[in-house]
C-alpha cells in the first residue's frame with residue numbers, strides 16, 4: 001500500500017491486488033496502454049487521457065506526471081515512510097552519503113558525474129534504463145564522488161553499488 005495526495009490535497013491510498021489497482025480501498029477500473037518510454041494512454045469511463053511521465057526521482061519516491069494539460073507532482077509513501085514520518089524522523093536535515101546503489105536492474109545509459117566532483121542533494125548522477133523507462137538517479141545528500149563503479153552501456157543488478165562517495 002502507498003499513500004499520496006490528490007490534486008485537491010486529500011490523502012489517497014493506492015494498492016495493487018495482482019493487476020488490479022485499488023484506489024482508496026475501491027477497485028479502480030481503467031486501462032493503461034504504453035505508447036513510448038514515457039507516454040501512456042489511459043482509458044477510464046469511456047474517455048481517453050494522454051499521460052506523460054516528465055520526471056522520476058526513484059531515491060525520493062517522487063514523480064512529475066502530465067495528464068492532458070495538467071501537471072501533477074506525486075510523492076508515494078510506503079509503510080516504512082509513513083512509520084518514519086509518524087516517529088518524526090522522516091525529514092532528517094543531513095544525509096550521510098556513502099554510496100549509490102541501483103534501485104532496480106537496468107542498463108546504464110549515461111554517467112553525469114566524475115570522480116572528485118562535489119554534488120549536492122538532488123543533483124543528477126546517472127541515467128538508468130529500466131523497464132523501457134529512463135530513470136535519472138539523483139544524489140540523496142551532499143558529498144564528493146569517490147569512485148564510479150559502473151560503465152556506460154553496462155547492465156546492473158538491483159542493489160549493485162553504482163557510485164561511491
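Points worth noting:
- Comparison of 35, 79 shows that the only residue that is in contact with a strand residue (DSSP E or B) (Cβ under 8 Å, 6 or more places away or on another chain), within 28 Å of residue 158 (Cα to Cα) and loosely packed, with under 12 Cβ neighbours inside 10 Å is 35.
- Odd one out for residue 91, checked against (1) loosely packed, with under 13 Cβ neighbours inside 10 Å; (2) at pLDDT below 90; (3) more than 25 Å from residue 131 (Cβ to Cβ); (4) more than 18 Å from the chain's Cα centre (by Cα): (4)
- Residue list for the stretch 116-128, filter: touching a residue at least 24 places away in the same chain (Cβ under 8 Å) and either within 13 Å of residue 103 (Cβ to Cβ) or outside any loop (DSSP other than H, G, I, E, B) (or both): 118, 119, 125, 126, 128
- Filter pass, residue 47 being loosely packed, with under 13 Cβ neighbours inside 10 Å and at pLDDT 90 or above: yes
- If you go through the stretch 142-164 and keep only what is touching a residue at least 40 places away in the same chain (Cβ under 8 Å), in a loop (DSSP other than H, G, I, E, B) and surrounded by 18 or more Cβ atoms within 10 Å (Cβ to Cβ), you end up with just 150.
The values are calculated or read from the model by the stated rules, or taken from the named source; none is laboratory data. This structure is a prediction, so every number in the text was calculated from the model and none was measured. We place every Cβ from the backbone using ideal geometry, glycine too, and count neighbours over all the protein chains shown.
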